[in-house]
1. Please compute the modelled spin-label separation between Ala152 and Arg321, points set 7 Å along Cα→Cβ, answer in nm with one decimal.
2. Given a 1.4 Å probe and heavy atoms of the protein chains only, how would you sort Arg19, Arg209, Arg275, Arg169, largest accessible area at the top?
3. If each Cα of the chain is one equal point scatterer, what is log10 of I(q)/I(0) from the Debye formula at q = 0.07, 0.08, 0.12 Å⁻¹?
4. Which FRET efficiency, nearest 0.05, do Asp141 and Arg289 yield, Cβ-Cβ r, R0 22 Å?
5. What is the pair-distance distribution P(r) of the stretch 215-259, computed from all Cα-Cα distances in 10 Å bins starting at 0, with each bin given as a whole percent?
6. List the aspartates and glutamates whose Cα lies under 20 Å from the Cα of Lys44, skipping any in the same chain that are fewer than 8 positions away.
7. Can you compute the FRET efficiency between Asp2 and Ser314 using 1/(1 + (r/R0)^6), with r the Cβ-Cβ distance and R0 = 35 Å? Round to the nearest 0.05.
8. Hey, with R₀ at 25 Å, roughly what FRET efficiency would Glu63 and His123 work out to, going by the Cβ-Cβ distance, to 0.05?
Amino acid sequence: MDTLLVTGGAGFIGSNFVRLALTQGVRVINLDALTYAGSLENLKDLPNADRHVFVHGDICDRELVDALLEEHAVDTLVHFAAETHVDRSILGPEQFVRTNIHGTFSLLEAWKKAWIRAGEPAHWRFHHVSSDEVFGTLGPDDPPFCETTPYAPNSPYAASKAASDHLVRAYGVTYGLPYTITNCSNNYGPYQFPEKLIPLTVLNALEGRELPIYGDGQQIRDWLFVEDHCQAIWAVLERGAPGRTYTVGGDNQPTNLKVVQTLCALLDELVPGSRYVPHAQLIHFVADRPGHDRRYSIDVSRIGEELGWEPSESLATGLRRTVQWLLEHGSWLEAIRRQPDYQNWLNRNYDQRASQLSEGD
Ligand code: NAD
Ligand code: DAU
């Protein structure tokens, strides 16, 4: 690896990955459209910043991607750019089809052209970052998701990610492109946009707003600290075999309610002077997500045995680090909180849930 094109590198996981890649001494061309979820605030104080080039643009823009691949002699593409929020995909799926399916197709076409022009080098790599949501949902006694679990996506978001995985695989099988795919569980940690459960809970709790729990709160996720995820991708880029997929997870199984209660206890401890202590008094059950997957769990044996990767943070240490980071980055949170789009989203998503609940009462 010499020069990486990272798509979506101004988002949550992408910006953490750009940090890691720059510490490894490679050059990073970072292509990001700066949607509501991406921000240059996430790219402040980068290590080895002289090796980082930010390009404001869309992955669907073929001319731009063709030019970037040629101009920068890119040999590795790490594809994060996507629409990522399940609730937004339920209220407006079209953008998910455009970015996640058409965008991935467009990148693959550009990559194929560049790869053929360069003489089909075996060491080039297209790495696709995907989700465990492509596998659907688990019952209480089902075995965890692994690389051979059949696809059964349940939300428009998950279906769009599944389609993108299939496209990447098909380009590998049909045209011989060297690719790898990771399907990981719920990430959390620094720079996560506060529409997702963990940062949303912390932000709402700091402001004394309700902490919304969908349905009965007994849904189970497998939480992966973002820096562990980035290390997993790096291990796959360095040592993963072309054509191989890897499931990645944090090896834990809390209910959503338990996660929120743990965050409340951390805030009680770290912000003892808050007038909202005990923060758990803010917990509020709201209407469930349609098609809500009940349980995710990940088998990490393949990436452990083949590449020697394992998560370094437990949920307890990772949640503490995340809350501390959010408390130390109040101005980052405040900038998002003030965005009109963010407030509109909160109103759109949560007002609707409150009215659904009162209709059902
Ligand atoms: P995010 O929503 O925080 O960031 C997405 C980034 O992509 C943003 O910077 C946005 O501006 C950019 N983007 C969106 N559309 C674009 C386009 N058309 N062209 C260029 N850039 C565009 O997402 P994230 O949580 O960091 O997720 C990154 C990847 O990891 C996604 O592919 C997602 O499906 C996958 N993933 C995320 C999680 C998770 O828990 N967050 C778990 C599994 C897989
Ligand atoms: O599993 C991987 C996926 O994790 C990624 O592919 C997605 O991009 C990412 O957004 C995430 O999806 P989830 O839907 O699991 O994340 P979210 O943080 O939105 O929700 C986590 C759980 O918490 C889920 O069961 C829904 C629930 N929830 C969420 C919100 C926002 C609530 O109970 N209340 C809320 O307000």
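The values are calculated or read from the model by the stated rules, or taken from the named source; none is laboratory data. Note that the structure is predicted; figures quoted are calculated from it, not measured. Cβ: placed from backbone, ideal geometry, glycine included. Neighbour counts: every protein chain shown. Surface areas here come from the heavy atoms of the whole protein model, side chains and all, with no ligands, DNA or RNA. Shrake-Rupley method; radii C 1.70, N 1.55, O 1.52, S 1.80 Å.
1. 3.4
2. Ranked from most to least accessible, the order is Arg275, Arg169, Arg209, Arg19.
3. Evaluating at q = 0.07, 0.08, 0.12 Å⁻¹ gives log10 I(q)/I(0) of -0.29, -0.38, -0.88.
4. With a Förster radius of 22 Å, E is 0.45.
5. Over the stretch 215-259, the share of Cα pairs per 10 Å bin runs 25, 38, 24, 12, 1 percent.
6. List returned: Asp32, Glu227, Glu328, Glu334.
7. 0.50
8. Given R0 = 25 Å and the Cβ-Cβ separation, E is 0.40.
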